[in-house]
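**Q** Would you mind keeping the following structure in view while I ask a few things?
The values are calculated or read from the model by the stated rules, or taken from the named source; none is laboratory data. These numbers were taken from a predicted model, which means no experiment stands behind them. Note that each Cβ is placed from the backbone with ideal geometry, even for glycine, and that neighbours are counted across all protein chains shown. Each accessible area value is taken on the protein alone, full model and side chains, heavy atoms only, with ligands, DNA and RNA left out. Shrake-Rupley method; radii C 1.70, N 1.55, O 1.52, S 1.80 Å.
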Amino acid sequence: MPSPTSWKPRADGAPSPLRVRGLTVAYGAEPVVDDVGFELAPAQLVAIVGPNGGGKSTMLRATLGLEPARDGAEVEFFGRPLAEVRRRVAYMPQREQIDWHFPARVIDVVLMGLYGEIGWLRRLRGEHRDAARAALDRVGMLGYAKRQIGELSGGEQKRVFLARTIVQGAELFIMDEPFAGIDAVSQSIIERELEALRDGGATVVVVHHDLVSVLRTFDSCVLLNRHVRGTGPVGEVLTAERVADAYGGVVPLALVEARQHERFHRTV
Amino acid sequence: MVGIADLWSLLSLQDYNTRVTLLGAGCLGAAAGLVGTFLVLRRRALMADTLGHSTLPGIAIAFLVLVAVGGSPRSQPGLMFGAAASACLAAWLVAAMQRLPQVREDAALASVLGALFGFGLVALGVIQQLGTGSAAGLDAFIEGSIASMSAGDAWTMAALALGGTIVTLALFKEFTVIAFDRELAQLQGLPVRRLEFAQLLLVVLVTVAGLRAVGLILIIAMLVIPPAAARRWSDRLPRVAAYSAAIGAISGIAGAWISALANGLPSGPLIVLVAAAIFGLSLLFGSAQGTLRGRRAGSAPRLQTEAR
């Protein structure tokens, strides 16, 4: 169940895992992401929700420097610029960006997540392979370690990339649609692992389309359609009015039902 | 024609010059196979074609400059420098054109190839009209001529190829991430652009090293065919790269050897034909996933995967 948490920086002064201010991304005249700002609390499962084309992926990618942000944006990870804290941040891309015919096995893909810490001119060692195998085990893919990556189903590919992200041992995980196009088994495994990361103290930010799943699993969310339409605990942000505002007047029926269900259970 | 005694001396590699030339061709093939592996994975094969063709104006201008300053117009280092310079100019032109709106990479590559190769052909025509006598030697750069190589030329080729091989092996891990997931490399803090530039320079190095043996038109084949053939045999990049280097080396040695035996046949096409034959065999007999044999072997586990 979502635990309502304070959206303010914590009293102990620990810097926010991700703080964004004045972030604008524009390819033409019209910005895709316009003056976006928010601040994440540590150890939370955070969903980025909003309609298609609302700039969710673009916004997250821009914080990582993968899309060009306009001048004047302030993005801080743990109170510092990304370049100083790369090891503490891990990113999981969408599967469309990957060449699945690439000559790599499942274990090789996970090992690539460690290349940054292995360093120049150094070889993989046994401890790296152990770490990669442990990460694959967590997502239930250890038995597939020696398969070519193109042999896997969509959900299995997602889980391998989740393992590659987990193995980096980061404190902030940014994931672009880890739940898109996968079956129920992969969905529940990924949800379980995201919760495990959060319970281990990490912050996990996920672009997510399924509002019902967000209500059920996530702690807080950022509702985004070009501008930020709401941030905070999911129960407060995903109200019919706010969702309708963000989605151009339409509230997905599933969300209404889920909320009614929730209310029903609360009154019983 | 070759006499029996000559044929025997060629077959048994008694001639020092032949031995060194074959060694050079083998090193070149290995380097091309290795560098080409990453080029193909990054889908930049056509860049090699543009760089190859674009060496011609550099060679021609270097030739003219050498004649003008009274040097030997056949000076290998001078001509190689000219070739490398104009290949780098081509790479820069492609990058500059791509920054223009609505110019796609393939159009930029083809335009630069056409313009620079055309310019090179005109310059070659001018050189022939000048009648300085030794212009004929320039043909060797177009289709490759092992026969015209001295032992010194072959050693140069081997050294350049070895240098390219060492650099590629040293950066293997970084080149792998860039090829598979450029953004991961970027987020890991790797200097992605500089590494990509290094790969470009490696292609130029292989192209320039291979000018005399393979020639500027067919050098792309030595960068592309060995990795394509090697991919049929393994799903693991380190093995694909090793097989590709081996296929390149075998093609280089065998092609150069046939060229030496068949006095006068250009070595570039022969080397490439050997590589193409190996590619054909790999298509038929390769054992990686998705190949004829691999598909049969891999069909059972695949079904199992989907059933889970």
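**Q** Identify, from the list A:Arg198, A:Arg259, A:Arg226, A:Arg164, the residue that is of a type in the set (Lys, Arg), touching a residue at least 24 places away in the same chain (Cβ under 8 Å), over 24 Å from A:Leu23 (Cα atoms) and touching a Gly at 6+ places or on another chain (Cβ under 7 Å).
**A** Details: A:Arg198 fails: touching a Gly at 6+ places or on another chain (Cβ under 7 Å); A:Arg259 fails: touching a Gly at 6+ places or on another chain (Cβ under 7 Å); A:Arg226 fails: over 24 Å from A:Leu23 (Cα atoms).
It is A:Arg164.
**Q** Take B:Gly78 and tell me if it is at negative phi, part of a helix (DSSP H, G or I) and surrounded by 24 or more Cβ atoms within 10 Å (Cβ to Cβ).
**A** On the way: at negative phi: yes; part of a helix (DSSP H, G or I): yes; surrounded by 24 or more Cβ atoms within 10 Å (Cβ to Cβ): no.
So B:Gly78 does not fit the description; no.
**Q** For A:Arg133, all conditions in the list (1) more than 10 Å from chain B (Cβ to nearest Cβ); (2) out of contact with any Gly (no Cβ under 9 Å at 6 or more places or on another chain); (3) farther than 30 Å from B:Arg232 by Cβ; (4) touching a residue at least 24 places away in the same chain (Cβ under 8 Å) hold save one; what is the number of the exception?
**A** Failing condition for A:Arg133: (3).
**Q** While we're on this one: May I ask you to verify whether B:Phe119 is hydrophobic (A, V, I, L, M, F, W, C) and touching a residue at least 60 places away in the same chain (Cβ under 8 Å)?
**A** It is true that B:Phe119 is hydrophobic (A, V, I, L, M, F, W, C) and touching a residue at least 60 places away in the same chain (Cβ under 8 Å).
**Q** Let me ask something else about it. Output the residues belonging to segment A:15-36 that are open to solvent by less than 50 Å² (accessible area, probe 1.4 Å), in a strand (DSSP E or B) and not polar (S, T, N, Q).
**A** Hits for segment A:15-36 are A:Arg19, A:Val20, A:Gly22, A:Leu23, A:Val25, A:Ala26, A:Pro31, A:Val32, A:Val33, A:Asp34, A:Val36.
**Q** Looking at (1) of a type in the set (A, V, I, L, M, F, W, C); (2) modelled with pLDDT under 95; (3) assigned to a helix (DSSP H, G or I), which is the only condition B:Ala158 fails?
**A** (2)
**Q** Still on this structure, please answer the following. Which one is modelled with the highest pLDDT, of the residues in segment A:173-187 that are β-branched (Val, Ile, Thr) and not in a loop (DSSP other than H, G, I, E, B)? Please lay out each step first, then the result.
**A** Taking segment A:173-187 and keeping what is β-branched (Val, Ile, Thr), we get A:174, A:182, A:185.
Next, only the ones that are not in a loop (DSSP other than H, G, I, E, B) stay: A:174, A:185.
On the way: A:Ile174: 98, A:Val185: 93.
Looking at the filtered set, the residue picked out is A:Ile174.
**Q** So which of B:Thr176, B:Thr207 is among the β-branched types (Val, Ile, Thr) and either farther than 17 Å from B:Ala48 by Cβ or within 12 Å of chain A (Cβ to nearest Cβ) (or both)?
**A** On the way: B:Thr207 fails: either farther than 17 Å from B:Ala48 by Cβ or within 12 Å of chain A (Cβ to nearest Cβ) (or both).
The match here is B:Thr176.
**Q** Let me ask another. Do we have A:Ile107 as without any contact (Cβ under 8 Å) to a residue 40 or more places away in the chain and either touching a helix residue (DSSP H, G or I) at 6+ places or on another chain (Cβ under 9 Å) or more than 9 Å from chain B (Cβ to nearest Cβ) (or both) here? Working first, answer last.
**A** Working: without any contact (Cβ under 8 Å) to a residue 40 or more places away in the chain: yes; either touching a helix residue (DSSP H, G or I) at 6+ places or on another chain (Cβ under 9 Å) or more than 9 Å from chain B (Cβ to nearest Cβ) (or both): yes.
Yes: the conditions hold for A:Ile107.
**Q** Continuing with this model, one more query. Condition first: more than 10 Å from every other protein chain (Cβ to nearest Cβ) and aromatic (Phe, Trp, Tyr). Now tell me which residues in segment B:179-203 satisfy that. Spell out the reasoning first.
**A** Step one: of segment B:179-203, the residues more than 10 Å from every other protein chain (Cβ to nearest Cβ) are B:191-203.
Of everything in segment B:179-203, just one residue is more than 10 Å from every other protein chain (Cβ to nearest Cβ) and aromatic (Phe, Trp, Tyr), namely B:Phe197.
**Q** Specify the residue that is nearest to A:Gly126 (Cα to Cα); the eligible residues are those in segment A:67-97 that are in contact (Cβ under 8 Å) with a residue 24 or more places away in the chain, within 12 Å of another protein chain (Cβ to nearest Cβ) and assigned to a loop (DSSP other than H, G, I, E, B).
**A** Filtering segment A:67-97 for residues that are in contact (Cβ under 8 Å) with a residue 24 or more places away in the chain, within 12 Å of another protein chain (Cβ to nearest Cβ) and assigned to a loop (DSSP other than H, G, I, E, B), the one nearest to A:Gly126 (Cα to Cα) comes out as A:Pro93.
**Q** How many residues does segment B:168-186 hold that are crowded, with 19+ Cβ neighbours inside 10 Å and over 14 Å from A:Tyr115 (Cβ atoms)?
**A** So the count comes out to 1.
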